[in-house]
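The structure's right below; bear with me while I get my questions together.
The values are calculated or read from the model by the stated rules, or taken from the named source; none is laboratory data. Since we're looking at a predicted model, the values are computed, not measured. Here Cβ is always computed from backbone atoms with ideal geometry, including for glycine, and neighbour counts include all displayed protein chains. With ligands, DNA and RNA removed, areas are computed over all heavy atoms of the protein, side chains included. Shrake-Rupley method; radii C 1.70, N 1.55, O 1.52, S 1.80 Å.
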Amino acid sequence: MDQINHFRRIAVISFIFLFSSLISWGQTLAEQADSAYNAGEFDTAAALYQKVIDTEGTSAPLYYNLGNSLYRLGQPASAIVAYERALRLDPSNSAIRANLSFVNSRLIDKKGPSGSFLSQSFEEITGLFSANGWAWLALALFGITIGAVSLYLFGSSITIKKTGFFGGGFTAVLFAISLIFAFNARSMMEAKNIAIVTAKSTILSTTPRAPQNRNEEAMLLHEGARLTIIDSIASPTDSTKTVWYDVAFDNDHRAWINSSDVEII
């Protein structure tokens, strides 16, 4: 009897395992990643989200979920990289911005002002929509402009013609501005000049090589710091030809950093 019960338990366990496997096989990778995240298996979730990105293509939700998983794993720098990539695809997403802001608020290094007031304002306005969003807005304004020009050309009264003339002029200006923001949004999305420090800490140098003494040490940065890449060079004194980036942390801090200590967004 005990042997029969033992076989029954094995059969039940095998059935449960098989049933669970069938359910898993019926799920997409993204659904498996969501299930792993909800179960608190953040390492599995992160690996699956990354696999979906590598095999099926990128999207803002995938990078957002990857960022959430990486942050739960205690990897703030990698989480920031994921959030930044998500934000490039969907700059108006408030949840992505909120999580990125939260992680940045917990970093050790605090940035000073970066760029001019005008450049910051321009980037903030650009970030209101994606490149496609600005393009659709420009297309809509172009259509309105054509309609206004038609009113001016074929209007039956002076009032209608004036409305078409001034309205068309106004929407034409907005159309041109929207096009500028669309091109800038596309440029920002494809830019390769922003990097995140992924090393726990790194000493930046005044020259494109590892600091030889105190005088060549520019500053200390920790994981998660956001840098703007200005230039790059392969170190002439390094036999492995290590690439060094000339970077700006903010308006007051610029130095060289080993490319292995950062990840480009």
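Residue separation times 0.36 nm, minus the C-alpha to C-alpha distance between residue 212 and residue 72: what's the value?
Result: 46.7 nm gained on full extension.
Under a crude label model (7 Å from the Cα following the beta-carbon direction), how far is residue 47 from residue 146 in nanometres?
The two pseudo-label positions are separated by 5.3 nm.
Under a plain spin-label model, where a point goes 7 Å from the Cα along Cα-to-Cβ, how far apart in nm are residue 139 and residue 232?
3.4
Run the accessible area of the range 86-187 with a 1.4 Å probe and give the carbon-and-sulfur part as a rounded percent.
72
Hey, what number do you get for the chain at 222 nm if only DSSP H runs of n ≥ 4 count, each worth -39500 (n - 2.57), divided across all residues, to the nearest 500?
-20000 deg cm²/dmol
Follow-up. Skip the ligands, DNA and RNA, and give the accessible area per residue of the range 131-179 with a 1.4 Å probe, whole Å². Please list the in-between numbers first.
Values: 3150 Å² over 49 residues.
Per residue, the range 131-179 has an accessible area of 64 Å².
Can you give the extra length, in nm with one decimal, that the chain gains between residue 94 and residue 173 once fully stretched, where that is 0.36 nm per residue apart less the Cα-Cα distance?
Between residue 94 and residue 173, full extension yields an extra 25.6 nm.
Still on this structure, I have one more. If the chain between residue 251 and residue 153 were fully stretched, how many nm would it gain, using 0.36 nm times the residue separation less the Cα-Cα distance?
30.1 nm
Decide, for the chain, between rounded, prolate and oblate: order the square roots of the alpha carbon gyration tensor eigenvalues as a ≥ b ≥ c, take rounded if a/c falls under 1.5, and otherwise choose prolate if a/b is larger than b/c, else oblate.
The shape class here is oblate.
Quick check on the range 26-154: take the gyration tensor over C-alpha atoms, sort the square-rooted eigenvalues as a ≥ b ≥ c, and tell me if it's rounded (a/c under 1.5), prolate or oblate.
Numbers: a/c = 4.05, a/b = 1.62, b/c = 2.49.
Taking the square roots of the gyration eigenvalues as a ≥ b ≥ c, the range 26-154 is oblate.
Okay, which of the range 203-218 sit inside 14 Å, backbone N to the point 7 Å along the Cα-Cβ direction of residue 243?
none
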